[in-house]
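Beneath this line is the structure, given in structure tokens, with notes to follow.
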Amino acid sequence: MKITVRPDLCIAAGQCALTAPAVFDQDDDGIVILLDESPPEAEHERARRAAALCPARVITISETA
């Protein structure tokens with residue numbers, strides 16, 4: 001799995017950081033920060049859920065690293 005984010009389009013909803021805190025965080029303005037672009041398998045389902053919950057759709061997941 002490889003994750004990319006578009007912080008320039010983030011609306012600071014925070015769903016990513018709440019759903020997958022080992023993979024995503026937020027800066028002081030609430031904008032997404034990607035902590036791990038290739039998370040361990042144990043984090044994959046949470047990362048997928050975070051991407052699905054993102055209202056701005058700024059998280060892209062590729063299943064092939």
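What follows draws every value from the coordinates through simple rules; no lab data is involved. What you see is a predicted model, and the numbers here were worked out from it, not measured in a lab.
At the listed q of 0.12, 0.13, 0.17, 0.28 Å⁻¹, the Debye profile of the chain, built from one uniform point per Cα, gives log10 I(q)/I(0) equal to -0.23, -0.27, -0.46, -1.30. Using alpha carbons only, how many degrees (0 to 90, rounded to 10) separate the axis of helix 44-53 from the longest principal axis of the chain? For 44-53 against the chain, the angle is about 30 degrees. Rounded to whole numbers, the Karplus 3J(HN,Hα) couplings from phi for segment 54-62 are 5, x, 8, 6, 8, 9, 10, 10, 9 Hz, using 6.51 cos²θ - 1.76 cosθ + 1.60 with θ = phi - 60°, and x at Gly and Pro. Taking amide H as placed 1.01 Å from N in the peptide plane, I33 has its amide H under 5 Å from the amide H of D25, Q26, D27, each at least 5 places away in sequence or on another chain. For segment 5-17, putting each phi into the Karplus relation 6.51 cos²θ - 1.76 cosθ + 1.60 with θ = phi - 60° gives couplings of 10, 10, x, 5, 9, 5, 9, 6, 6, x, 4, 5, 5 Hz, in residue order, rounded to whole numbers and with x for Gly and Pro. Only helices enter the 222 nm calculation for the chain: every DSSP H run of n ≥ 4 contributes -39,500 (n - 2.57), and dividing by all residues gives -6000 deg cm²/dmol, rounded to 500.
Residues whose amide H comes within less than 5 Å of that of A13, counting only those at least five positions distant or on another chain, are absent (H built at 1.01 Å from N in the peptide plane).
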